[in-house]
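Below is one structure, written out as structure tokens; comments come after it.
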């Protein structure tokens, strides 16, 4: 029985495909980076259940410190290096590759062969990585390519980063090497065969905090995370470089902050990054869904829950869509926030769609609430204003897709890139990611062709205009209305809060229209 630990989700997908294609048996696959892998090995009681561990990069060495089992490395292949070099070609800006010395030498050889403009640097120990990344940033490098440790370090400093990912060839070679080694070890035991291994369910790690029963009424409003466990690498969204730098710089302040931006600018992810880039590294991050807060909400219970969750450590309270909270609810929220702001270990962040002054002028944000929150502003402008950064965003996002789902892609041809640069992106960053998702999932080879780009953009709406869709207009007005609502539900990922905001209807109205008797 083999244990395969993949440092990122995309490699798990690649491994599953390899196992299925080549018919490998008795391999358990889990996701865990260099920080999580030791915990996973202990939780699985790996020394008693498995014959060998397979993993890659910096995770190999940390695994060897916590297990007596042989640890086999998924090695970076020539094809992996060639692919990342090709993908980095589309990024305009100063680029660096940072890895261990032997890998850097191999990367440099291929880079010279391809006349690459990526400069290569090496480190001897993992402890050096953070400092080296900081030096590269000071030297004007904008994109850092490397292993998982390098990738995370660059992200934490607000830089663009690409992970040097592994393809199926490296996984297959590692599995075959592990099987040969295990067979040799069995034979060395003088014919003694290992008994059958009993499969255990995947370990379930307990939640950090559980809400008491009396808080169940407000539990649907809150998402709670430990700040120490949050990482910029968890954010799948790719922002224009200038936006990312603004988010990083403004997150350093302890003052209340409002993030504004039109639909699709990914304000929630910006709020999450504010926490990751911020100076505060202890306490909890709580996201409050303001759309779901009714005027009849038990604010005493909400106050009690927030006070207990933050405790003496404090943390960050993120008020999502504060401009969508009902007027009476905003008045009650002011009292809670004024009490919470006395906690010097607490930072307040809020998001709204329109610029703050417009929200106040349109009575979407009460002035007393503005007075509590409006000390620092982060304005996420429409994506069409960052057309010069689209090419770089494409390179970075294709790298993120490979990390997330293992969809190997070496880039988009020149004509396709030009079409994407000239597109108007009415749906902003969320639409950008959706288009790239369609292009990668629908590609027939390593490269995405301009004909594929043209087809996907036509489906989105030509020339950057409105996203045109066909709706069956047969039947009564009520039936047509229901079809429109259900189409919007699909586009918004079945998120009722976003549907209500987009259609400007209340929760009860939406429920009634979707559940009326036929």
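When the helices of the chain are scored as -39500 (n - 2.57) per DSSP H run of n ≥ 4 and the total is divided over every residue, the value at 222 nm lands at -14000 deg cm²/dmol. Each of 65, 104, 257 has some number of other Cβ atoms within 10 Å of its Cβ, and from fewest to most they run 65, 104, 257.
In units of the rule-of-thumb radius 2.2 N^0.38 Å, segment 1-142 shows an alpha carbon radius of gyration of 1.20. Packing around the peptides 77-88, 301-312, taken as the average count of other Cβ atoms within 10 Å per residue, puts them in this order, highest first: 77-88, 301-312. As a proxy for reagent exposure, 94, 267, 281 were ordered by neighbouring Cβ count within 10 angstrom, fewest first; the result is 281, 94, 267. Taking Cα atoms only, the orientation of helix 477-491 departs from the longest principal axis of the chain by about 40 degrees. Could you state the angle between the C-alpha long axis of helix 267-277 and the longest principal axis of the C-alpha atoms of the chain, as a value from 0 to 90 degrees rounded to the nearest 10? It is inclined by approximately 60 degrees. With both labels modelled 7 Å from their Cα along Cα-to-Cβ, the residue 375 to residue 505 distance reads 4.1 nm. Specify the angular offset, from 0 to 90 degrees and rounded to the nearest 10, of the alpha carbon long axis of helix 9-22 from the longest principal axis of the alpha carbons in the chain. Once rounded, the angle reads 50 degrees. Computed extension gain for residue 43 through residue 102, at 0.36 nm per residue and net of the alpha carbon distance, reaches 18.0 nm.
Can you say what percent of the DSSP beta bridges in the chain, counting only those with both residues inside, are antiparallel? Round to 5.
Counting DSSP beta bridges with both partners in the chain, the antiparallel share is about 10 percent.
As a footprinting exposure proxy, order 236, 148, 126 by other Cβ within 10 Å, with the fewest listed first. The most exposed by this proxy come first: 236, 126, 148. Segment residue 341..residue 234, full-extension length gain: 35.7 nm, with 0.36 nm per residue of separation and the alpha-carbon distance subtracted. Note on residue 262 and residue 184: the extension gain reaches 22.0 nm, defined as 0.36 nm multiplied by sequence separation minus the Cα-Cα distance. Annotation for residue 483 and residue 361: the two label points, set 7 Å from Cα along the Cα-Cβ direction, are 3.9 nm apart.
Per residue, the convex hull spanned by the alpha carbons of the chain comes to 191 Å³.
Throughout, read-outs are computed from the coordinates displayed, never taken from laboratory work. Just so you know, these numbers come straight off a predicted model, no measurement behind them. Cβ atoms come from the backbone with ideal geometry, glycine included; neighbour counts cover every protein chain shown.
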